[in-house]
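Worksheet: one structure, shown below.
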Amino acid sequence: MPTHENWMREALAEARLALATGDVPVGAILFDAAGQRIAVGRNEREKLQDPTAHAEVVAIRAAAAALGDWHLTDTTLVVTLEPCVMCAGAILAARIPRVVFGAWDEKAGAVGSVYDLLRDRRLNHTVEVSAGVEAEACSALLLDFFDSRR
């Protein structure tokens, strides 16, 4: 079975593809219980001019379409950046039980930095979270992107 680090390297490859459209380089991949890739996503806000086209939402939509079911139980979402409030809500709505993320988002993170929605016991679904996987590589990709725009 692949490790979280291997999965994150795959998500980083997806994130780099977002650079071609001028999008913030964030990548997400959903894996099934056997470690098989179900769906991928990358930020496409600029490409689609859609404020909801975050990598996580793109991957969740693709997985639901591929599986023919919005219940994404027994899956793991791997994403290069800590999910925001919108993405955390989508993760909860899809009933994704596990999230692995790389870089922390100290300004908009909703999985431990600013908020911790995925582990809020007041909600009807909680998520197992593995944070900081390949954090240095994930952070470097984002820092390079924003440095090049200044």
Task: Shape parameters for the chain, alpha-carbon atoms, Rg then Dmax in Å - done: 14.0, 43
- [ ] For Ala33 paired with Asp50, estimate the spin-label separation in nm (one decimal), with each label point 7 Å from Cα along the Cα-to-Cβ line.
- [x] 3.0 nm
Task: Cα-projected label distance for Asp147 with Thr3, points at 7 Å along beta-carbon direction, nm - done: 2.7 nm
- [ ] Just need the relative contact order of the chain here, percent rounded to a whole number, with Cα pairs under 8 Å and 6+ apart.
- [x] 20 percent
Open item on the list: Report D for the range 87-150 in µm² per second (integer): Stokes-Einstein, Kirkwood Rh on Cα pairs, 20 °C, 1.002 mPa s.
Closed with: 169 µm²/s
TODO: Describe numerically, in nm with one decimal, the distance between label points set 7 Å from Cα along Cα→Cβ at Val114 and at Ala66.
DONE: 3.0 nm
Open item on the list: Based on the alpha carbons, how large is the Rg to Rh ratio for the range 13-53 when Rh follows Kirkwood?
Closed with: 1.07
Open item on the list: I want the antiparallel fraction of DSSP beta bridges within the chain, as a percent rounded to 5.
Closed with: 60 percent
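How big is the charge dipole of the chain about its Cα centre, in debye rounded to the nearest 20, if each Lys and Arg gets +1 on its Cβ and each Asp and Glu gets -1 on its Cβ?
Computed about the Cα centre, the dipole is about 240 debye.
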Open item on the list: I need the P(r) histogram for the range 45-105: all alpha carbon pairs, bin width 10 Å from 0 out to the longest distance, whole percents.
Closed with: 22, 57, 21, 0
Task: Percent of Cα-Cα distances greater than 13 Å, calculated over the range 1-70 - done: 63 percent
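No lab work stands behind these numbers, since they all come straight from the coordinates. Here the structure is a predicted model, which means the values were calculated and not measured. Heads up, the Cβs are rebuilt from the backbone with ideal geometry, glycines too, and the neighbour counts pull from every protein chain shown.
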